[in-house]
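The values are calculated or read from the model by the stated rules, or taken from the named source; none is laboratory data. Everything numeric here is computed off the predicted structure, so don't read it as measured data. All Cβ positions, even for glycine, are placed from backbone atoms using ideal geometry, and neighbour counts span all protein chains on display. Ligands, DNA and RNA are excluded from the accessible area calculation, which covers all protein heavy atoms including side chains. Shrake-Rupley method; radii C 1.70, N 1.55, O 1.52, S 1.80 Å.
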Amino acid sequence: MMEVAAGHDERDVVLRADSLSKRFGGLLAVQNVSFTQYAGEILAVIGPNGAGKTTLLNLLSGVYRPTSGRLWLLGRDVTSDAMEARCHAGLGRAFQIVRPFPEMTVHENVTVGALFGKHGTRLPEAREQAYELLERTGLAAHADKAAHELTLLQDKRLEVARALATRPQVLLLDEVMAGLRPAEAQEAVALVRSVRESGVSVLFIEHLMPVVRDLSDRVVVMDQGQVIASGTYREVTANPQVVSAYLGTETELHA
Ligand SMILES: Nc1ncnc2c1ncn2[C@@H]1O[C@H](COP(=O)(O)OP(=O)(O)O)[C@@H](O)[C@H]1O
Ligand SMILES: [Mg+2]
């Protein structure tokens, strides 16, 4: 077991990765990645393209099994659990590529999430929860539209609503701000903050540094599959190893 950071209690740990690795043939896409996320924390995972961020998220959500290492969710070892079991155990995920059911309405899309999230949720209850989530995510006015009619920002909101419908305690977001205009990204930032205020811990991957700065309590920096730094936004962006990992990339490190 790893140590618990000062000021935190073992019981506050929501997610713990212990030396997770994922090999694709000859490539170690994720190599001995360890981190701890505490309840109520917004944790950012950043790093240059190809650093292994999405692969890490796929290890967390259960899309991939790790080649080695272990993962704990809310004190329970979920390393061998499938995606659906992790979802039932409290892990929710919104995807980088938005993929709702395009012909179904916005409300139906979220209802599906509510039905999927917990065993024994009945349809009327799921429909009611879906309406509440559409209110919370600013989509209530679009409830009866077909999902394919939404704008990109609304699509992202729908992805978050669908993930929240599974009633996660930890929400994973992979570049949900991608493609948004700055003003829209600010709206999305506000939405993620409100998610945290509702008691959900958030782990997000993001390449927009202003978003990372505004949203994260702590940042984990990956490069070439490994964690090269972790700390506050200020700490990691001042770290010479992080600066050099970003040199020559198109991302401006200092937002
Ligand atoms: N399914 C896969 N099969 C083989 N290689 C992969 C696969 N997924 C990702 N990779 C490779 O793993 C590395 C990390 O990719 P990825 O996790 O997508 O990085 P990031 O999200 O940080 O840009 C890259 O070199 C990528 O080409
Ligand atoms: Mg990625």
_Can you tell me the orientation of helix 152-165 relative to the chain, as the angle in degrees between its alpha-carbon axis and the longest Cα principal axis, to the nearest 10?_
90 degrees
*Hey, what do the phi angles of segment 131-147 turn into as Karplus ³J(HN,Hα) couplings, whole Hz, using 6.51/-1.76/1.60 and θ = phi - 60°, x for Gly and Pro?*
4, 4, 5, 5, 4, 5, 9, x, 10, 4, 5, 10, 3, 9, 6, 6, 4
*asked:* Please report the antiparallel percentage of DSSP beta bridges with both residues in the chain, rounded to the nearest 5.
replied: 55 percent
*Note down the relative contact order for segment 96-167 as a percent, whole number, built from C-alpha pairs under 8 angstrom at least six residues apart.*
47 percent
*Please give, to one decimal in nm, the separation of the simple spin-label points placed at His254 and Leu123, each 7 Å out from Cα toward the Cβ.*
5.9 nm
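Multiplying the sequence separation of Ser34 and Phe116 by 0.36 nm and subtracting their Cα-Cα distance, what value in nm do you get?
26.6 nm
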*Would you please give the residues with an amide H less than 5 Å from that of Leu203, counting only those at least 5 places away or on a separate chain, with H modeled from the backbone geometry?*
Leu43, Leu171, Leu172, Leu173
_Alpha-carbon centroid distance for the pair segment 188-211 / segment 137-158, whole angstrom_ = 19 Å
*Provide Arg127, Arg16 ordered by accessible surface of protein heavy atoms (probe 1.4 Å), highest first.*
Arg127, Arg16
*Fraction of accessible area attributable to carbon and sulfur, segment 1-137 (%, probe 1.4 Å)*: 52 percent
*Which whole-number value in Å² is the accessible area per residue of the chain, probe 1.4 Å?*
46 Å²
*Kindly state, as a whole number, the per residue volume in cubic angstrom of the convex hull around the alpha carbon atoms of segment 96-167.*
75 Å³
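Using a Förster radius of 22 Å, what is the FRET efficiency between Arg213 and Glu135 based on their Cβ-Cβ separation? Nearest 0.05, please.
0.15
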*When the gyration tensor of the chain is built from Cα positions, what are the square roots of 5 times its three eigenvalues, in whole Å, from largest to smallest?*
29, 22, 17
*Calculate how large, on average over all directions, the projected area of the Cα convex hull of segment 1-153 is; give the answer in nm² to one decimal.*
11.3 nm²
*At what distance in nm do the modelled label points of Glu184 and Thr232 sit from each other, each positioned 7 Å from its Cα along Cα→Cβ?*
3.2 nm
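In units of 2.2 N^0.38 Å, what is the alpha-carbon radius of gyration of segment 131-201?
Dividing the Cα radius of gyration by 2.2 N^0.38 Å gives 1.04.
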*Check the straight Cα-Cα distances from Lys53 and name the aspartates and glutamates below 12 Å, setting aside those fewer than 8 residues away within the same chain.*
Asp174, Glu175, Glu206, Asp223
*Output the relative contact order of the chain, whole-number percent, from Cα pairs under 8 angstrom with separation of 6+ residues.*
25 percent
